[in-house]
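Peer 1: Pasting in a structure now, in structure tokens, and then I'll have a few things to ask.
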Amino acid sequence: MTENVPSVAVFGTGNWGLTLADVAARSGARVSLYCRREEVYHALLERRQHPEFLPHLVLHRRVVPTMNIAAAAISSSHWIMVVPSQHLRQLARQLRPWVHKDLQVLSAVKGLEISTHLRMSEVLREEWGDDKDRALGVLGGPNLAFDISQGLPAATAVSCTPEVFLEWTERLGRANLRLYHQPDRIGVELGGALKNVLAIAVGIAHQSGLGESAKAALMTRGLHEMGRLAVRLGAQLATLAGLSGLGDMVVTASSSHSRNRWCGEQLGKGLRLDQILNSTQMVVEGVPTAYAAQELGQRLGVPLPITDAVVDIFHGTQVSHAVIKLMTRAFVGESDP
């Protein structure tokens, strides 16, 4: 390997982490893929495939699995964080000894920390210091790992400085993945996090037989709800109408490959939330985000009726009762909460 070969470390071996590692390798980068579980490490090393996720994906030869977190961190100038949102802080603390001034970090984590209500870049900044803030980028858009890992076309937004954006296009930009620069980091992060809650709501509606009109209303009013909270937290409303807001919400709410929609469908069948979460290896990011968003809305005085309905259903409220509560709210203008 020559010194000018781009280097990337990917932390996370779920669907999205595997896909981004493969995309970076096929874009020409040397990729260190950090594995926490020994059985996953051996499967990726020996067969180039994950034992549980994306069975069609055979990782490119430039992806090097490792269980040595220090080796992955030290060997790479660019890091991609792709772990569950509630585990990011712990990973950031583990990586802190190898954070340096020239490092560039991209968060592909879509969620809010439930205990603090913080966005993922805010969690990283808390752990690594304000001086790393300019080096923190975020990625968000209508990106299903199932599609992109098969080479199907997709587009995504990357929020970072214009100079660093060019570096990420070199490492992730491929014929089937088009990157767009988006300066509004808050909007990209909140769009990616809040749409998971709406996908759960749409899954509930679908399984409950509420009809296509209800699902369209949920997505439309849900986008308005996302924008209301995001703007209150400092985002630009236009960002929520872009790839990381509307785009991500549409694909997550409508795809059979969406784990958040799947969770909603199971709730619509009458299963309890704990039963659903215990039945899957996948992380359903919309669950902790729903709780965090509801608490944020209450603290900031921002009404979030759809989020409230989802949380009510988490706690055992019947879907029919939640629907009645939504439909019998006071009549307001379309631009009102």
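The values are calculated or read from the model by the stated rules, or taken from the named source; none is laboratory data. Just so it is clear, the structure is predicted and the values come from calculations on it, not from any experiment. Counting neighbours? That spans all protein chains shown, and the Cβs are built from the backbone with ideal geometry, glycine included.
Peer 1: Where in region 1-91 are there strands (runs of 3 or more DSSP E), lying fully within it, with 3 or more residues that are within 28 Å of Arg125 (Cβ to Cβ)?
Peer 2: Once the strands (runs of 3 or more DSSP E) in region 1-91 are filtered for at least 3 residues that are within 28 Å of Arg125 (Cβ to Cβ), what remains is 7-11, 30-34, 78-81.
Peer 1: Does Val99 satisfy the criteria of being farther than 18 Å from Val283 by Cα, crowded, with 18+ Cβ neighbours inside 10 Å and not assigned by TED's automatic domain parsing to the domain that holds Asn196?
Peer 2: The answer is yes for Val99.
Peer 1: Can you find, within region 70-103, the residue that is nearest to the chain's Cα centre (by Cα) among those that are more than 29 Å from Gly151 (Cα to Cα) and among the β-branched types (Val, Ile, Thr)?
Peer 2: Selected residue: Val99.
Peer 1: Name every residue in region 178-204 that is part of a helix (DSSP H, G or I) and over 23 Å from Val302 (Cβ atoms), in order of residue number.
Peer 2: Across region 178-204, the qualifying residue is only Gly203.
Peer 1: Could you list, in sequence order, the residues of region 284-337 that are without any contact (Cβ under 8 Å) to a residue 60 or more places away in the chain, surrounded by 13 or more Cβ atoms within 10 Å (Cβ to Cβ) and of a type in the set (S, T, N, Q)?
Peer 2: If the condition is that a residue be without any contact (Cβ under 8 Å) to a residue 60 or more places away in the chain, surrounded by 13 or more Cβ atoms within 10 Å (Cβ to Cβ) and of a type in the set (S, T, N, Q), then Gln294, Thr317 are the ones that fit.
Peer 1: Still on this model: Every residue in region 116-144 that is in a loop (DSSP other than H, G, I, E, B) and under 18 Å from the mean Cα position of the chain (by Cα), please.
Peer 2: Correct list: Thr116, His117, Leu118, Arg119, Gly141, Pro142, Asn143, Leu144.
Peer 1: If you check every pair at least six apart or on different chains, which have Cβ atoms under 7 Å apart with a residue in region 135-160 that is within 23 Å of Gly187 (Cβ to Cβ) and assigned by TED's automatic domain parsing to the domain that holds Thr19 first and a residue that is assigned to a loop (DSSP other than H, G, I, E, B) and of a type in the set (A, V, I, L, M) second?
Peer 2: Qualifying pairs under 7 Å: Ala135/Leu103; Leu139/Ala108; Ala145/Leu54.
Peer 1: Out of Leu237, Leu277, I need the residue that is surrounded by fewer than 23 Cβ atoms within 10 Å (Cβ to Cβ), without any contact (Cβ under 8 Å) to a residue 60 or more places away in the chain, in contact with a helix residue (DSSP H, G or I) (Cβ under 6 Å, 6 or more places away or on another chain) and of a type in the set (A, V, I, L, M). Which one?
Peer 2: That would be Leu237, the only listed residue that is surrounded by fewer than 23 Cβ atoms within 10 Å (Cβ to Cβ), without any contact (Cβ under 8 Å) to a residue 60 or more places away in the chain, in contact with a helix residue (DSSP H, G or I) (Cβ under 6 Å, 6 or more places away or on another chain) and of a type in the set (A, V, I, L, M).
Peer 1: Let me ask you something else. Residues being farther than 18 Å from Gly141 by Cα, within 22 Å of the chain's Cα centre (by Cα) and surrounded by fewer than 24 Cβ atoms within 10 Å (Cβ to Cβ): count how many of those fall in region 2-25.
Peer 2: Here the count works out to 1.
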